Structure formats: C-alpha cells, structure tokens
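The values are calculated or read from the model by the stated rules, or taken from the named source; none is laboratory data. The structure displayed is predicted, hence computed values, not measured ones. All Cβ positions, even for glycine, are placed from backbone atoms using ideal geometry, and neighbour counts span all protein chains on display. Heavy atoms of the whole protein, side chains included, go into the accessibility calculation; ligands, DNA and RNA do not. Shrake-Rupley method; radii C 1.70, N 1.55, O 1.52, S 1.80 Å.
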Amino acid sequence: MPETLHESARTAPAQDPVDQLRADARVEKRPIHRWTKRSNDFFVGRKQNLAALRRRLRSCLEAEQVVHLHAAGAAISRAVDLSLQLVGEVTNTELSVNTSTVSAVND
C-alpha cells in the first residue's frame, strides 16, 4: 500500500482510450439546410443588423408584393419583431405567419 498520496497518484492506472476520446470530443452544429433562395427570401439570424435588414426588406416590398422571412431558434422572435415593424411602417401590408419543422443534426 502506498505511503503518501503522491505515490498513489504516480502509480495510477493509464486512462482508458475511450474516455480520452470523449474528453477530446466536441459538439458541432451543422448549418440548417436552406432551400433555393428567391429574390424575396430573407433569412433572419441572431447576429444580423436589424436596421440594415429592415431597409432591404422595405426596398424589396416596394418592388415585390410578397416577402418571406425565415428564422430558426432564437432568431424567430427577431423575425416576428421585424415583421411587425414593417407592417407598421409600410402601408397596405398584411402579415401571415407559417411555422414548420426542419430537422437539425448535432455532431
């Protein structure tokens, strides 16, 4: 039996290779699949500048009658806020909300 704690630490068994792989592992999120982008499709993200996106949306609404906002996760509330601001600013606009599920994979 070892006499001190330091001696027992030196004689510890080697670490299991599977545990070592788990310690080195990390979770990476794959980007969500985006379908073919049309001229009136806008993807809202958490890190986007909302003022710049609002300007682009307003100019697109002047040229086209329909604009599609897409968002996932934490950006959904930003997309809803942005659409409500546009309804208030641009005359003769309607708001229609559709939700769907997209499968995401974390590796």
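Can you tell me how many residues within the range 83-96 are closer than 16 Å to Phe43 by Cβ and out of contact with any strand residue (DSSP E or B) (no Cβ under 7 Å at 6 or more places or on another chain)?
1
At pLDDT below 90 and either part of a strand (DSSP E or B) or surrounded by 12 or more Cβ atoms within 10 Å (Cβ to Cβ) (or both): does that describe Leu53? Explain how you work it out, then say what you get.
Working: at pLDDT below 90: no; either part of a strand (DSSP E or B) or surrounded by 12 or more Cβ atoms within 10 Å (Cβ to Cβ) (or both): yes.
When the stated conditions are applied, Leu53 does not pass them.
Which pairs do you get when a residue that is over 13 Å from Cys60 (Cβ atoms), found in the range 85-96, comes within reach of a residue that is part of a loop (DSSP other than H, G, I, E, B) and open to solvent by less than 90 Å² (accessible area, probe 1.4 Å), reach meaning Cβ atoms under 7 angstrom, with the pair 6+ apart or on two chains?
What qualifies is Val87/Thr93; Val87/Leu95.
Return the residues of the range 69-80 that are at pLDDT 85 or above, surrounded by 12 or more Cβ atoms within 10 Å (Cβ to Cβ) and either part of a helix (DSSP H, G or I) or out of contact with any Ser or Thr (no Cβ under 8 Å at 6 or more places or on another chain) (or both); say none if nothing qualifies.
Scanning the range 69-80 gives His70, Ala71, Ala75, Ile76, Ser77, Arg78, Ala79, Val80.
How many residues does the range 29-79 hold that are among the hydrophobic types (A, V, I, L, M, F, W, C), under 15 Å from the mean Cα position of the chain (by Cα) and closer than 17 Å to Asn98 by Cα? Can you show your working first?
Step one: filter the range 29-79 for residues among the hydrophobic types (A, V, I, L, M, F, W, C), giving 32, 35, 42-44, 50-53, 57, 60-61, 63, 66-67, 69, 71-72, 74-76, 79.
Going one step further and asking which of them are under 15 Å from the mean Cα position of the chain (by Cα), we end up with 32, 42-44, 69, 71-72, 74-76, 79.
With the extra rule that they be closer than 17 Å to Asn98 by Cα, the set shrinks to 42-44, 69, 71-72, 74-76, 79.
Result for the range 29-79: 10.
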